[in-house]
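This report refers to the structure that appears directly beneath it.
The values are calculated or read from the model by the stated rules, or taken from the named source; none is laboratory data. The shown structure was predicted, so the numbers you read here are calculated from the model rather than taken from an experiment. Because the Cβ atoms are built from the backbone with ideal geometry, glycine has one as well, and the counts that use them run over all protein chains shown.
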Amino acid sequence: MIEMGEAKTAEERDAVFRFWYSVYVAELGRYRDVADHANRMLRGPEDERSHIYYARDGDEVVAACRFNWGADGFSARQIDQYRLEPFLREIPHELMLVGERTMVAPSHRGGSVYVDLAYSTAPFAETHGVLLSFGASEPHLVSYYAQFGQRPYASRQYFSEESGYIVPTLAFPRGTDVFGEDPPECIRQALNGPCSVHNAASDGEESYRIALRESFGSPARDGLFAAMTADEVIRCAERGTLLRCAAGDQVLRRGGTARNPFVVVSGQLEVRDADRATRTLRAGDLFGESGWLGNEVRQSDVFVTHDGTEILALSEGALRKLAETDPLVTSKLNANVAKILWSRLRDTDGLTG
C-alpha cells in the first residue's frame with residue numbers, strides 16, 4: 001500500500017532529501033556540485049519554506065515534489081525562471097504557487113504514483129484558493145504535463161545548469177473563468193499572448209499542424225528530413241515540440257544528462273567546445289542525439305546564434321511510437337540518421353573507403 005503525505009517532521013523531510021539524492025544525483029548525475037554527498041542528501045535553498053509531499057511504499061520514499069506558496073515568498077531564481085514579475089504585480093501573491101522537484105523512483109515509473117502524488121497536494125491549493133500554479137518541463141515532456149493542465153505561456157525558455165533547456169508552464173487549478181470577462185493583463189498575455197513553444201497537446205492537433213506547416217513551408221530537403229515529402233515531415237514533426245529560440249540561448253550543455261534529440265527547423269545554432277566554435281547547425285541538422293542513440297551525456301555545448309531560430313524537440317518515446325504507426329517515415333528517418341553520423345565520422349577521421 002502506497003502512502004501519500006506531507007513531509008513535516010525533520011525525519012520525513014530528510015527521507016525525501018535522500019530520495020532526491022538517489023534520483024537526481026546518483027541516477028541522473030545532476031546537482032553534483034551542491035549535493036550533500038556525505039549524508040547522500042539533496043537540499044535546495046527553497047526547501048526551508050517549501051511544502052514537501054511524498055509517496056512512500058512501506059519504508060521507502062518512491063516519489064516526491066515540493067511547492068512554494070506565494071504567501072511565503074518566491075526566490076529570486078524562481079521569479080526569474082518562471083517570469084513571475086508580471087503576475088506578482090497584478091495577482092495577490094497568496095493565490096500563486098511554484099511546483100518543483102517532482103520525481104518518481106525508477107521502480108514506480110509508468111504507474112499511477114505521479115498522478116496520485118499530484119492529487120495529494122490538491123487540498124492545500126483548494127484551501128488557500130490558489131489560482132495559478134507554475135512549473136517547468138523539459139521540451140520533450142511538454143505533451144505529458146499538458147494532460148494535467150500545464151501549458152507553456154512564456155515568450156522565452158530558460159537554461160538550467162542541471163536540466164538543460166527548460167520550458168516554463170502554467171496551470172489554472174480553478175479554471176480561467178475565475179478571472180472574469182476582463183482578466184488582468186498578465187492573464188490575457190498568458191492565454192493569448194506570444195508563446196515560444198507549440199505542440200499538439202497544448203495547442204490542439206489542428207492548430208499545431210497549422211503551426212508546423214508555417215514553419216516547414218519550405219523545409220530544407222537534407223539532413224534529418226532528406227528525401228521526405230512535406231506531408232511526411234509534418235507526420236514526423238507533429239509528435240514533437242516546436243520551440244522558437246532567442247540568440248544567446250543555450251540549448252545543450254556538455255555533460256548534461258537530458259536525453260532528447262533536436263532537429264533544426266530554421267535559423268542557426270553553433271556547437272562549441274569550451275569557447276571554440278566547432279560546427280554550425282542549420283535547417284535539417286540533427287543534434288543532441290548522444291542520449292537518444294547511445295544513452296550518453298551531452299557531448300558539446302550548443303548555443304543559438306540567430307533570433308527566431310526554431311528547433312524541434314523529439315523524444316525516444318515519440319520516435320518509438322512513430323516506428324509502430326508509420327514504418328515508412330521511420331525507415332527514412334533512420335536512413336538519414338545513418339548518413340548524418342557517417343558524414344560526421346568521415347569529416348572527422350578523413351575516411352575514404
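Residue-by-condition table, conditions (1) under 15 Å from GLY240 (Cβ atoms); (2) assigned by TED's automatic domain parsing to the domain that holds LEU314; (3) within 10 Å of the chain's Cα centre (by Cα); (4) part of a loop (DSSP other than H, G, I, E, B):
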{"position": "HIS140", "(1), (2), (3), (4)": "yes, no, yes, no"}
{"position": "SER143", "(1), (2), (3), (4)": "yes, no, yes, no"}
{"position": "ARG156", "(1), (2), (3), (4)": "no, no, no, yes"}
{"position": "GLU162", "(1), (2), (3), (4)": "no, no, no, yes"}
{"position": "TYR165", "(1), (2), (3), (4)": "yes, no, yes, no"}
{"position": "ASP182", "(1), (2), (3), (4)": "no, no, no, yes"}
{"position": "CYS186", "(1), (2), (3), (4)": "no, no, no, no"}
{"position": "GLN189", "(1), (2), (3), (4)": "no, no, no, no"}
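For the condition assigned to a loop (DSSP other than H, G, I, E, B) and either touching an Asp or Glu at 6+ places or on another chain (Cβ under 9 Å) or modelled with pLDDT of 95 or more (or both), ASP33 qualifies. Does LEU319 satisfy the criteria of being touching a residue at least 24 places away in the same chain (Cβ under 8 Å) and on the phi < 0 side of the Ramachandran plot? Judged against the criteria, LEU319 is a match.
Listed conditions (1) modelled with pLDDT of 95 or more; (2) in contact with a strand residue (DSSP E or B) (Cβ under 9 Å, 6 or more places away or on another chain); (3) within 24 Å of PRO123 (Cα to Cα) are all met by PRO92, apart from (2). Taking ALA71 as the residue in question, decide whether it is closer than 23 Å to THR121 by Cα, touching a residue at least 40 places away in the same chain (Cβ under 8 Å) and in the same structural domain as GLN157 (by TED's automatic domain parsing). Spelling it out, ALA71 is indeed closer than 23 Å to THR121 by Cα, touching a residue at least 40 places away in the same chain (Cβ under 8 Å) and in the same structural domain as GLN157 (by TED's automatic domain parsing).
Return yes when VAL302 is among the hydrophobic types (A, V, I, L, M, F, W, C), under 22 Å from LEU141 (Cβ atoms), at pLDDT 85 or above and outside the structural domain of GLN157 (by TED's automatic domain parsing) and no when it is not. Against the criterion (among the hydrophobic types (A, V, I, L, M, F, W, C), under 22 Å from LEU141 (Cβ atoms), at pLDDT 85 or above and outside the structural domain of GLN157 (by TED's automatic domain parsing)), VAL302 qualifies. Selection of the range 171-192 for residues being surrounded by fewer than 22 Cβ atoms within 10 Å (Cβ to Cβ) and in contact (Cβ under 8 Å) with a residue 12 or more places away in the chain yields ALA171, PHE172, PRO173, ARG174, THR176, VAL178, PHE179, PRO184, GLU185, CYS186, GLN189, LEU191.
Checking the structure you have, find out if any residue of the range 218-232 is in the same structural domain as GLU85 (by TED's automatic domain parsing), within 14 Å of ILE311 (Cα to Cα) and crowded, with 21+ Cβ neighbours inside 10 Å. For the range 218-232, residues in the same structural domain as GLU85 (by TED's automatic domain parsing), within 14 Å of ILE311 (Cα to Cα) and crowded, with 21+ Cβ neighbours inside 10 Å: absent.
Here THR280 fulfils each of the conditions (1) modelled with pLDDT of 90 or more; (2) closer than 25 Å to ARG109 by Cβ; (3) hydroxyl-bearing (Ser, Thr, Tyr) apart from (2). Based on what the data block shows, is ASP285 surrounded by fewer than 11 Cβ atoms within 10 Å (Cβ to Cβ) and either in contact with a Lys or Arg (Cβ under 8 Å, 6 or more places away or on another chain) or among the acidic types (Asp, Glu) (or both)? No; evaluated as a whole, the condition is false for this residue.
Restricting attention to the range 241-276 and to residues that are small (Gly, Ala, Ser) and modelled with pLDDT of 90 or more, the residue that is nearest to the chain's Cα centre (by Cα) turns out to be ALA246. Counting residues that are closer than 21 Å to LEU212 by Cα and without any contact (Cβ under 8 Å) to a residue 60 or more places away in the chain, which strands (runs of 3 or more DSSP E) fully inside the range 237-291 reach at least 3? Correct list: 262-266. Does LEU117 qualify as being part of a helix (DSSP H, G or I), touching a strand residue (DSSP E or B) at 6+ places or on another chain (Cβ under 8 Å) and buried (at least 20 other Cβ atoms within 10 Å of the Cβ)? Criteria met by LEU117. Number of residues in the range 100-112 that are in contact (Cβ under 8 Å) with a residue 40 or more places away in the chain and over 20 Å from the mean Cα position of the chain (by Cα) equals 2. Assess whether GLU3 counts as being more than 21 Å from the chain's Cα centre (by Cα) and either without any contact (Cβ under 8 Å) to a residue 60 or more places away in the chain or part of a loop (DSSP other than H, G, I, E, B) (or both). Yes; evaluated as a whole, the condition is true for this residue. Considering the range 54-80, the residues that are buried (at least 20 other Cβ atoms within 10 Å of the Cβ) and among the small types (Gly, Ala, Ser) include one that is farthest from ILE166 (Cα to Cα), namely ALA55.
Across the range 72-112, the number of residues qualifying as outside any helix (DSSP H, G or I) and not charged (D, E, K, R) comes to 18. The set of residues from the range 294-353 being in a loop (DSSP other than H, G, I, E, B) and of a type in the set (Lys, Arg) comprises just one member, ARG298.
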